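**Student:** Structure provided below as structure tokens; questions to follow.
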Amino acid sequence: MSSSSPLTVDLLRFNTCGSVDDGKSTLIGRLLYDSKSLMEDQLEALERSADLTGGGQINLANLTDGLRAEREQGITIDVAYRYFATPRRKFIIADTPGHVQYTRNMVTGASTANLSIVLVDARLGVIEQSRRHTCIASLLRIPHLVVAVNKMDLVGWSEERFHEIRANFEGFLPRLDIKDVKFIPMSALNGDNVVDPSSHTPWYAGPTLLGHLEGVHIGSDWNLDGFRFPVQWVNRPNRPQDTQWHDFRGISGQIAGGIIRVGQTVMILPSGLKTTVQEIWTMDGPLEQAFCPQSITLRLAHDVDVSRGDTVIGLSSMPGVSSELRARVCWMNTRPLQAGRKYFLKHTTQTVQAVVTSIENRLNISDFEAEIGPRELTVNDLGEIRLRTSRPLVFDAYSVNRLTGSFILIEPGSNQTVGAGMLFPPTEAIKPEYTDFAI
Amino acid sequence: MSIYHLDHLQYLETESIHIMREVAAEFERPTILFSGGKDSICLLRLAEKAFRPSEIPMPFLNVDTGHHFPELNEFRDVRAAELGGRLIVRKVEDAIASGIAVPNPGEVSRNRLQIPTLLAAIEEFRFDCAIGGARRDEEKARAKERFFSFRDSFGQWDPKNQRPEIWNLYNGRVNSGEHMRVFPLSNWTEMDVWEYIRRENLAVPTIYFSHKRLCVRRQGQWLPVTSLVPPKPSEEVRELVVRVRTIGDIISTGMIESPANTVDDILIEIAAARVTERGSRADDKASEAAMEDRKKQGYF
């Protein structure tokens, strides 16, 4: 057995956000550079472009700014993904732009993250963008936040300035829902406290950024409580001659919550029919049990009607089943959201039609107060809406389960993804018609 | 660690299987791009994991530039047959003959000509989705691409106007004439691919392993000697012990000197590597934006 790779390494997904020129791309470049994750040809390419646009100085941002327009304008347009590994962990970085019109990309990059890094320019301190990004991280329920107070070299490594910014943040954090927040003073440009500890911050006793990323306890980000299995694809081998498979009928999908065991009673929603799990089929052989987020194929004891968009659930905790919904949305399109507008709504594995019945409020980022009854939500706005769907959704509160509590809105015609939604808890527990009717 | 825990590869695998099934469920006429290279070998294994015991519900498509390594095409045909899949091959040569692809005077490389050939095949079979094995760690334009990457009716990618991709909710809606490119291996690295090949015990073409070959020194690389671009008297030719790390056309794929004979050897070699995988691809070095330009026109 080779020693090239340990058998199990875990994975931390994080995103970086901040506003223009906070130095996000430089920070990522620095992380890769100092952790020796950059290769010679990448360094060569950097040096080539340094001669062209950087006046001879290597520009670490050129590593992530992959599109021509970005390099020319010195800004990041789109989410860039980067991969690196240390002996302790593998990392996926989503570098999300700070440009105000690209907030939707921050949502894209952050929606799958375990941890978010918000960059703050030590000279400027907390600005609206810092609040917005922290707020989005909180709404998306990213468990860990790092406030990287960058460009400390430009404020003379002032401990006082660092604490001032920290106090500023701590002033509004209690109104948000983030449990774990870490403040790190650094200079991404010079590499202080990114991978290597800085000699400029004797007053700072905490870890470097990489030290923190390697050590932060991510536990399980997945919900292992209530079994949720949105049906993706009905698996019916079309082999009439083949006796082994000709009766096979499986339902394939990825477990969106909880654990399932062979023999367990399950319910299919929205129909409410009950049956038991006969087999958990995978190509690598049957499993006794399976858990979120494994992809499996279930064989049920009864030949019940199940198709894509249905959800198979365990009986220990009941989801909501409703076509009247309340949600918080992040609006991502220049055509505003107004009451009465119709969209396609994709939730787990089904796409239904939806009409926005009302806009309840709009969140004001500067004071985190809700403005009641706005006329519309415009691009980058966050607010609460009510919706009615053409078919009921089987859902949980986003705060309970990210996968069954989230949806996207798609504009008919353009097919653009225009909104990201997070559902509020169901108002009443389900009462399926057939709860006591086992087949 | 709890027993309800997926390691890195299992996590990547379930993410990719989920994407494969979304494609099967949401598109009418999807295809899988299969070249016989290491990434597309993983794609087909993931397709098996997603759809077995059923047949893989989509055909395989390959654009043959006519400059492929023969070992690669041989492997491609054998693997497709093993899996009981339908393999569609469309040749750049035929596209040139029918005027779909027009070479510039003196243009030897078939790299650019793959694009119209691929787009014509997509049109011919009315494919509304093509699954590809591209990875974000390969190249910095790819690092910005979504799992579900929309192409307009000209097959073009518009990097500034990509659909936001949130949670695991992929928006697969296209209008007629448009299509989607889907990249289930987006989050995989070169190392992950080889670790998966080892874990799944997958066969790969022999050229990935160390062998003797006549090579010619061009632009700082050792390229295979072929009759397509024969060595000039002034060029240095040597027999070397080499393998390929990434496979492009035979006239532009740099061979690396290597004794790696097994997948384990390859993993050790990659872990110690000081250049990226695509560092040995002359087609990518054309300019800083070489990949971006090709992708905008409809490249993989």
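The values are calculated or read from the model by the stated rules, or taken from the named source; none is laboratory data. From a predicted model like this one, the values you see are computed outputs, not experimental measurements. So basically every Cβ, Gly included, is an ideal-geometry build from the backbone, and we count neighbours across all protein chains shown.
**Student:** Filter segment A:232-259 for residues that are among the hydrophobic types (A, V, I, L, M, F, W, C) and either outside any loop (DSSP other than H, G, I, E, B) or at the interface with chain B (Cβ under 7 Å from one of its Cβ atoms) (or both) and give the result.
**Tutor:** Within segment A:232-259, A:TRP233, A:VAL234, A:TRP245, A:PHE248, A:ILE251, A:ILE259 qualify.
**Student:** Now for a separate question. Test of understanding: among A:ASN15, A:ASN59, which residue is within 14 Å of another protein chain (Cβ to nearest Cβ), modelled with pLDDT under 75 and surrounded by 18 or more Cβ atoms within 10 Å (Cβ to Cβ)?
**Tutor:** Result: A:ASN59 is the single residue among A:ASN15, A:ASN59 that is within 14 Å of another protein chain (Cβ to nearest Cβ), modelled with pLDDT under 75 and surrounded by 18 or more Cβ atoms within 10 Å (Cβ to Cβ).
**Student:** Taking the options A:THR282, A:THR311, name whichever one is surrounded by fewer than 22 Cβ atoms within 10 Å (Cβ to Cβ) and polar (S, T, N, Q).
**Tutor:** On the way: A:THR311 fails: surrounded by fewer than 22 Cβ atoms within 10 Å (Cβ to Cβ).
Going through A:THR282, A:THR311 in turn, the sole match is A:THR282.
**Student:** Ok, one more. Can you name every one of the strands (runs of 3 or more DSSP E) wholly within segment A:329-439 that holds 1 or more residues which are more than 14 Å from chain B (Cβ to nearest Cβ)? Can you show your working first?
**Tutor:** Values: elements: A:342-347, A:350-364, A:369-372, A:382-395, A:406-410, A:417-423.
The qualifying strands (runs of 3 or more DSSP E) are A:342-347, A:350-364, A:369-372, A:382-395.
**Student:** Being more than 20 Å from A:THR86 (Cβ to Cβ) and more than 7 Å from every other protein chain (Cβ to nearest Cβ) is the filter here, so list the residues in segment B:257-276 that pass it.
**Tutor:** Of everything in segment B:257-276, those that are more than 20 Å from A:THR86 (Cβ to Cβ) and more than 7 Å from every other protein chain (Cβ to nearest Cβ) turn out to be B:GLU257, B:SER258, B:PRO259, B:ALA260, B:ASN261, B:THR262, B:VAL263, B:ASP265, B:ILE266.
**Student:** Which members of segment B:150-173 meet the condition of being assigned to a strand (DSSP E or B) and facing another protein chain (nearest Cβ under 7 Å)?
**Tutor:** Hits for segment B:150-173 are B:ILE166, B:LEU169.
**Student:** May I pose another question? Given the residues A:ILE165, A:ILE184, which is the only one that is assigned by TED's automatic domain parsing to the domain that holds A:ALA137, among the β-branched types (Val, Ile, Thr), touching a Gly at 6+ places or on another chain (Cβ under 7 Å) and part of a helix (DSSP H, G or I)? Walk me through how you get there before you give the answer.
**Tutor:** Details: A:ILE184 fails: part of a helix (DSSP H, G or I).
Of the residues listed, the single one that is assigned by TED's automatic domain parsing to the domain that holds A:ALA137, among the β-branched types (Val, Ile, Thr), touching a Gly at 6+ places or on another chain (Cβ under 7 Å) and part of a helix (DSSP H, G or I) is A:ILE165.
**Student:** Let me ask you something else. Output the qualifying pairs, or none if there are none: Cβ atoms under 9 angstrom, residues six or more apart or on different chains, first residue in segment A:186-205 and touching a residue at least 12 places away in the same chain (Cβ under 8 Å) and acidic (Asp, Glu), second residue in a loop (DSSP other than H, G, I, E, B) and surrounded by fewer than 19 Cβ atoms within 10 Å (Cβ to Cβ).
**Tutor:** Listed pairs, sorted by first residue: A:ASP192/A:SER199; A:ASP192/A:HIS200.
**Student:** Please return the ranges of helices (runs of 4 or more DSSP H) entirely within segment B:67-149 where 1 or more residues are of a type in the set (S, T, N, Q).
**Tutor:** Details: elements: B:70-82, B:92-97, B:114-124.
Output list reads B:70-82, B:114-124.
**Student:** Return the total of residues in segment B:235-254 being free of Cβ contacts under 8 Å to residues at least 24 places away in the same chain and outside any strand (DSSP E or B). Walk me through it before giving the result.
**Tutor:** Taking segment B:235-254 and keeping what is free of Cβ contacts under 8 Å to residues at least 24 places away in the same chain, we get B:235-237.
Okay, now just the ones that are also outside any strand (DSSP E or B), so B:235-236.
Of the residues in segment B:235-254, 2 are free of Cβ contacts under 8 Å to residues at least 24 places away in the same chain and outside any strand (DSSP E or B).
**Student:** Still on this structure: Hey, among A:PHE291, A:PHE344, which residue is closer than 27 Å to B:MET20 by Cα, among the hydrophobic types (A, V, I, L, M, F, W, C) and assigned by TED's automatic domain parsing to the domain that holds A:THR417?
**Tutor:** A:PHE344
**Student:** Only one of (1) among the acidic types (Asp, Glu); (2) in contact with a Gly (Cβ under 8 Å, 6 or more places away or on another chain); (3) modelled with pLDDT of 95 or more is not met by A:GLU433, so which one is it?
**Tutor:** Unmet for A:GLU433, out of (1) among the acidic types (Asp, Glu); (2) in contact with a Gly (Cβ under 8 Å, 6 or more places away or on another chain); (3) modelled with pLDDT of 95 or more: (3).
**Student:** Count, please, the residues in segment B:174-218 that happen to be part of a loop (DSSP other than H, G, I, E, B), within 9 Å of chain A (Cβ to nearest Cβ) and buried (at least 21 other Cβ atoms within 10 Å of the Cβ). Steps first, please.
**Tutor:** Of all residues in segment B:174-218, those part of a loop (DSSP other than H, G, I, E, B) come to B:174-178, B:183-189, B:201-205, B:209-210.
Restricting the remaining residues to those that are within 9 Å of chain A (Cβ to nearest Cβ) gives B:174-175, B:178, B:186-189.
When the remaining residues are screened for being buried (at least 21 other Cβ atoms within 10 Å of the Cβ), the result is B:186-189.
Going through segment B:174-218 one residue at a time, the tally reaches 4.
**Student:** Same structure again: Out of A:GLU279, A:GLU214, A:GLU288, which single residue is away from chain B (no Cβ under 12 Å) and at pLDDT 90 or above?
**Tutor:** Just a single option satisfies the conditions, and that option is A:GLU214.
**Student:** Give the residues of segment B:40-66 that are away from chain A (no Cβ under 14 Å) and either surrounded by fewer than 21 Cβ atoms within 10 Å (Cβ to Cβ) or of a type in the set (S, T, N, Q) (or both), sorted by residue number.
**Tutor:** B:SER40, B:PRO59, B:ASN62, B:ASP64, B:THR65, B:GLY66
**Student:** Also: Pull out all pairs, ordered by first then second residue, where Cβ-Cβ is under 7 Å, the residues are six or more apart or on different chains, the first lies in segment A:239-253 and is closer than 17 Å to A:VAL277 by Cβ, and the second is modelled with pLDDT under 90.
**Tutor:** A:ARG249/A:ASP303
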